[in-house]
Amino acid sequence: PGRAIGCAPLHSEPLLCVDAGPRAKAAVTGAADCHLCVVPLQAAAAAGAAFGEPSRAPIPPTNEGSGSGGIAAVRVRPDGKIAASGGWDRRVRLWQWRRMKPLAILRHHTATVNAVDFSACSSWLASGSADQTVALWEELYSAASGAGGERTNAQRG
């Protein structure tokens, strides 16, 4: 049977989600502490360690009465260029995968975003929420798309 090859404390609050990037070069985690954490895997394994040095990306506060920056869902796009996170603040955030640079905030849901996933072709993003809706987002940062910002153009599911 399988066995754990390593363990590392990555967050100050409970870890809620994890996804390995393409070719398992790194993993991204989200937690109640309002941070995404990216942990290198391959370079660390080559050096005899289970994990490399993690980097953290804070989720900015939204200054809204309900919800905060806790992260309930993360997913790396299959082409390895973009990561998405879903949060307690009802937002989906897009990140440049290599540097975890914020790219866009997608607003549609009225409750915690519990799930995010990209299509196999990397053209679509679906987000699911405690508000009992699924939002489908298209043309998110394809080679021809432009700059980021807040968007609300989800198709209702």
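Accessible-area rank, largest first, for Leu136, Leu10: Leu136, Leu10, with all protein chains present and a 1.4 angstrom probe. Along the stretch 21-27 the Karplus relation, 6.51 cos²θ - 1.76 cosθ + 1.60 evaluated at θ = phi - 60°, assigns HN-Hα couplings of x, x, 6, 6, 6, 7, 10 Hz to successive residues, with x for each Gly and Pro.
Distance between the modelled labels on Lys101 and Ala20, one decimal in nanometres: 2.8 nm (7 Å Cα→Cβ projection). Lys81 sits with roughly 130 Å² accessible to a 1.4 Å probe, with DNA, RNA and ligands left out of the calculation. Couplings 3J(HN,Hα) for the stretch 98-112, derived from phi with the Karplus relation 6.51 cos²θ - 1.76 cosθ + 1.60 (θ = phi - 60°), are 5, 10, 6, 7, x, 10, 7, 10, 9, 10, 7, 7, 10, 8, 3 Hz, where x marks Gly and Pro. Sorting Glu138, Glu53 by accessible area puts them as Glu53, Glu138; the probe is 1.4 Å, largest comes first, and only protein heavy atoms count.
Across the protein chains, with a 1.4 Å probe defining accessible surface, the residues Cys17, Cys34, Cys7, Cys121 rank Cys7, Cys121, Cys34, Cys17 from largest area downward.
Other residues lying with their Cβ under 14 Å from the Cβ of Arg75 contribute a combined charge of 0, Lys and Arg counting +1, Asp and Glu -1.
The values are calculated or read from the model by the stated rules, or taken from the named source; none is laboratory data. If you're wondering where the values come from, they're calculated on a predicted model, not measured in any experiment. Note: ideal-geometry Cβ built from the backbone for every residue, glycine included; neighbour counts use all protein chains shown. The area values use the complete protein model at the heavy-atom level, side chains included, leaving out ligands, DNA and RNA. Shrake-Rupley method; radii C 1.70, N 1.55, O 1.52, S 1.80 Å.
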